[in-house]
1. Under a point spin-label approximation (7 Å from Cα along Cα-to-Cβ), what is the residue 94-residue 129 distance to one decimal in nm?
2. Place the peptides 22-29, 70-77 in order of packing, highest mean first, counting for every residue the other Cβ atoms within 10 Å and averaging per peptide.
3. Can you work out the FRET efficiency for the pair residue 120 and residue 24, with r the C-beta to C-beta distance and R0 = 35 Å, to the nearest 0.05?
4. Could you compute the FRET efficiency for residue 112 and residue 33, with r as their C-beta to C-beta distance and R0 at 22 Å, rounded to 0.05?
5. What is the fewest-to-most order of 95, 85, 105 by other Cβ atoms lying within 10 Å of their Cβ?
6. Measure off 7 Å from each Cα along the Cα-to-Cβ vector at residue 16 and residue 103, then give the distance between these two points in nanometres to one decimal.
7. What ratio of Cα Rg to 2.2 N^0.38 Å holds for the range 92-134?
8. Going out from 0 in 5 Å bins, what whole percent of all Cα-Cα distances in the range 64-112 drops into each bin?
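Values quoted throughout were computed directly from the atomic coordinates according to the rules given, and no laboratory measurement underlies them. Just so you know, these numbers come straight off a predicted model, no measurement behind them. Every residue, glycine among them, receives a Cβ derived from its backbone with ideal geometry; neighbour counts consider all protein chains shown.
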């Protein structure tokens with residue numbers, strides 16, 4: 001049973017430290033949610049790249065195969081954003097539990113997975129755009 005008590009001025013500081021850790025955990029989770037939202041938005045833009053090209057150029061100059069490729073690339077980026085959101089929630093819950101127990105150890109896997117994933121998608125999108133230009 002998770003019982004939370006109100007902090008008073010008589011508290012010894014441990015509860016204040018734990019409260020700060022929980023607030024930091026929540027801020028970190030919200031930052032990961034914002035990051036995931038941006039990645040999902042990027043996926044939408046990539047998926048609609050053919051439509052945007054048609055809109056700005058004024059005529060259909062994008063090959064159907066490239067349009068389909070941009071759709072699939074966009075869907076993959078959107079799925080990556082969703083997976084990152086689920087992973088951020090898992091890390092948040094795990095960190096919350098470890099703060100309560102007093103055995104917090106930082107996890108860097110989320111940072112590595114997000115960084116490497118974005119680098120891979122960046123290279124793929126640059127390759128796609130260069131292929132479109134040729």
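1. The modelled label-to-label distance comes out at 3.4 nm.
2. Numbers: 22-29: 13.9, 70-77: 18.0.
My ranking of the peptides, most packed first, is 70-77, 22-29.
3. Numbers: r = 29 Å, r/R0 = 0.83.
Step by step, r from the Cβ atoms, then E = 0.75.
4. Details: r = 19 Å, r/R0 = 0.85.
Plugging the Cβ-Cβ distance into 1/(1 + (r/R0)^6) gives 0.75.
5. Working: 95 21, 85 18, 105 7.
The most exposed by this proxy come first: 105, 85, 95.
6. 2.8
7. Working: Rg = 18.1 Å, N = 43, 2.2 N^0.38 = 9.2 Å.
Against the compact-globule rule of thumb, the ratio is 1.97.
8. 5, 18, 17, 16, 12, 9, 9, 6, 5, 3, 1, 0
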